[in-house]
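The values are calculated or read from the model by the stated rules, or taken from the named source; none is laboratory data. Note that the structure is predicted; figures quoted are calculated from it, not measured. Glycine gets a Cβ as well: all are built from the backbone with ideal geometry, and neighbour counts include every protein chain shown. When the accessible area is computed, the model is the full protein with side chains, heavy atoms only, and any ligands, DNA or RNA have been set aside. Shrake-Rupley method; radii C 1.70, N 1.55, O 1.52, S 1.80 Å.
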Amino acid sequence: MRKIGLTLFLAMFYSLCWLALWSISFYLTQNGQQAMLLLPQGLRLALMTLLSRSYWPAMLVSEMGIGIWLHSEQLQTHWIILLSPLLSLIPAALVQHAWRRFTLYWQRLLLLLGAVAGNSLLQMAVPGLWLSSPLSQTLLASFTGGILLTPFIYLIYEYLKQQHLQNLLAQEIPDPPLRTSLLIWCSLFFALAVCLQMSLAPEVERLLIILVFLPNVVMAYAFGWQGGVLAAVLGSLMITVTRQMSGAFHDLVELELFLSTQALLGIGLGIAISRQQQLASHLNRYRLQLEQELHTRRQLTERLVHTEEAVRKEIARELHDEIGQNITAIQIQAMLVDRSPHGPATHVAAKQIGELSQRIHHTTRQLLRQLRPPVLDEMALDKALHHLAGEFAFASQGIDFQLDYRLPAVPTDDTLIFTLYRLVQELLNNINKHASATRVRVSLTQQQQRLVLDVSDNGIGFTQPVKEGFGLRGIEERVRALGGEWLLEQHQGTRIIVKLPTDLQRTPP
């Protein structure tokens with residue numbers, strides 16, 4: 001019973017709307033056949049596309065009955081025009097078949113515009129051949145009616161559907177098709193345009209073009225496809241009203257051409273703006289996701305730096321406590337053996353044990369300095385870097401070394417201190433082992449919110465590509481993860497420039 005009741009309601013509603021639109025079209029065209037091809041085309045095509053196919057028979061029967069009644073009243077004289085509703089079934093069925101594949105408003109709007117164009121061609125090809133009006137006028141009439149009403153009915157349909165969902169789900173719709181601001185601005189533009197057109201002198205009545213097109217452009221830019229569709233309908237009303245009052249258009253073809261042109265302009269701009277808004281929304285979402293991922297990566301890198309230094313410190317403590325004590329015990333035992341009354345072989349063995357223990361002790365001290373240099377806990381960064389440079393003994397190797405430390409204040413972030421120290425340590429170690437340089441320059445300065453480390457030498461440079469691992473590439477990845485920059489130059493030596501943010505916590509990803 002509910003289905004039957006809905007069908008009867010649809011038939012009555014469709015009949016009343018169809019007759020109202022036909023009356024308006026007949027008032028404009030003074031031709032019954034052309035009136036059936038004008039505004040009723042848009043209503044029929046939109047409802048056939050948006051509603052279930054089970055409602056199509058009720059619509060067809062209603063329209064056929066109205067067409068027969070108009071023929072009996074001599075308001076239309078060609079039976080062939082009754083084929084027009086049947087022809088609209090073809091584009092409507094094709095659009096419904098592809099409807100679910102496209103979920104965005106502007107995509108479905110493009111489908112409707114394609115259906116309007118296809119329906120217009122069918123109306124021209126079949127009824128148009130037997131009508132007295134030119135084929136071009138038949139095509140233009142059906143296209144104008146479709147382009148005006150089909151997108152507008154789709155806009156109303158989406159609004160009603162979302163209102164139903166909002167009441168059903170008790171939640172706000174993020175982007176409703178009809179917003180209060182959209183309706184207010186469209187009404188203001190419409191009222192202003194009508195007032196201006198009525199007040200214009202007949203000599204400047206061609207300014208109607210500007211008064212119609214300008215609101216379309218503004219509304220499409222501000223509200224996307226919704227603004228373009230609503231502005232197109234209101235602009236058509238304004239054109240029709242002013243045409244009857246001032247006679248701006250001298251024939252029906254000129255009026256229909258102008259109506260379809262301004263509607264296409266508004267809807268086309270609206271689709272383009274909606275597409276751009278969608279792309280901008282996607283880009284903004286991807287940007288936020290990327291920023292979040294970079295922020296997470298930076299936090300993980302900082303934790304990694306602190307964890308690495310803590311592990312190094314723990315290993316250094318174990319080496320110092322365990323191996324250091326054992327080496328001391330070996331040295332004591334070697335001294336006791338050396339002092340005992342034995343032969344020369346005993347003294348030689350004691351001497352070798354002592355030398356071996358000294359070598360182990362020296363190696364252990366080097367490992368301790370690499371794992372966790374005590375200067376990081378005992379000295380400020382500038383003194384720690386000078387101490388580090390002194391350990392390489394560049395002067396005794398005949399290398400001209402200069403360290404230029406010009407930071408206005410010592411960094412307070414432990415991650416920055418650890419990273420800068422390890423950078424200088426790794427770079428000086430590479431220069432000492434591989435560069436064969438005679439001049440080395442290291443400078444640490446601050447430029448606005450960036451710490452700049454510049455290390456250069458006049459050595460042989462890199463003879464092979466930098467490999468993945470714990471050396472330069474590992475340090476470079478750490479620098480970039482902390483939001484810094486890394487630059488490697490090779491010209492008459494090697495120059496590496498590293499820029500790190502002064503405050504890792506406040507630096508945007």
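Do the conditions hold for L28, that is, is it surrounded by fewer than 23 Cβ atoms within 10 Å (Cβ to Cβ), under 45 Å from the mean Cα position of the chain (by Cα) and more than 24 Å from K161 (Cβ to Cβ)?
No; evaluated as a whole, the condition is false for this residue.
When the range 103-121 is examined, which residues are found to be surrounded by 14 or more Cβ atoms within 10 Å (Cβ to Cβ) and either of a type in the set (V, I, T) or farther than 15 Å from I147 by Cα (or both)?
Y105, Q107, V116
Can we say W22 is over 20 Å from L129 (Cα atoms) and surrounded by fewer than 21 Cβ atoms within 10 Å (Cβ to Cβ)?
no
Within the range 242-290, work out how many residues are open to solvent by less than 60 Å² (accessible area, probe 1.4 Å), modelled with pLDDT under 80 and more than 30 Å from the chain's Cα centre (by Cα).
Residues that pass the stated criteria total 11.
When you scan the range 362-378, do you find a residue that is open to solvent by 90 Å² or more (accessible area, probe 1.4 Å), within 54 Å of the chain's Cα centre (by Cα) and modelled with pLDDT of 70 or more, even just one?
Yes, that holds for at least one residue.
Can you tell me which residue is most open to solvent (accessible area, probe 1.4 Å) among those in the range 395-425 that are modelled with pLDDT under 85 and in contact with a strand residue (DSSP E or B) (Cβ under 8 Å, 6 or more places away or on another chain)?
Among those residues, the one meeting the criterion is A395.
List the pairs whose first member sits in the range 263-282 and is within 18 Å of I153 (Cβ to Cβ), whose second member is open to solvent by 60 Å² or more (accessible area, probe 1.4 Å), and whose Cβ atoms are under 7 Å apart, counting only residues at least 6 apart or on separate chains?
So the pair list comes out as I271/L110.
Just to verify a result, which residue in the range 120-144, among those that are within 47 Å of the chain's Cα centre (by Cα) and among the hydroxyl-bearing types (S, T, Y), is nearest to F258 (Cα to Cα)?
T144
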